[in-house]
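Everything below concerns the one structure shown next.
Bear in mind these aren't lab numbers, they're just calculated from the coordinates by the rules spelled out. Every value quoted in this text rests on a predicted model; they were computed, and no experiment measured them. No Cβ is skipped: glycine too gets one built from the backbone with ideal geometry, and neighbour counts run over all protein chains shown.
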Amino acid sequence: MIGRSGGVHGPSRPASRPADVAEYDKAIEDLKRVGVIHRIDVSLNRVYVTDAWLPATVEEKRTMGHVFATYIGHHKGTGLNWCDVMHFATGRRLAKYSQSLGFEQFE
């Protein structure tokens, strides 16, 4: 979720219960509402972000990556929480997040 200072705060625990899943869904909706997320392609484990992603701190990007990956893993039903973060206009891969390998930024 987006904090008052503009920071991103994800749910505090992995999604395992319906209430937890709802927290991740809300965080995704918040990020769409503020213009960070352009679209999500669950089938390809990709989140396309706008330029609003770029000024975020590494920690904020890591948190968003965790939220993206958990959301995708739940909606695919695989339990494999990973994603690629892509720029919506250029298609450039900006970052990746994996529950097992962590966050890596390519910008």
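Taking a straight line from the alpha carbon of Lys26, these aspartates and glutamates sit under 19 Å away, with near neighbours fewer than eight places off in the same chain left out: Asp41, Glu60.
Label positions at Leu44 and Gln105, each projected 7 Å from the Cα along the C-beta direction, are separated by 2.4 nm. Taking amide H positions as modeled 1.01 Å from N, with prolines and chain starts lacking one, the residues under 5 Å from Arg46 and 5 or more places away or on another chain are Asp41, Asp84.
Note on Val21/Ala52: beta-carbon distance plugged into 1/(1 + (r/R0)^6) with R0 of 30 Å gives a FRET efficiency of 0.75.
Pairwise Cα distances in segment 18-105 exceed 14 Å in 60 percent of cases. Per-residue 3J(HN,Hα) values for segment 83-99, derived from phi via the Karplus relation 6.51 cos²θ - 1.76 cosθ + 1.60 with θ = phi - 60°, read 7, 9, 9, 10, 7, 5, 8, 9, x, 5, 6, 8, 6, 9, 9, 9, 4 Hz in sequence order (x marks Gly and Pro).
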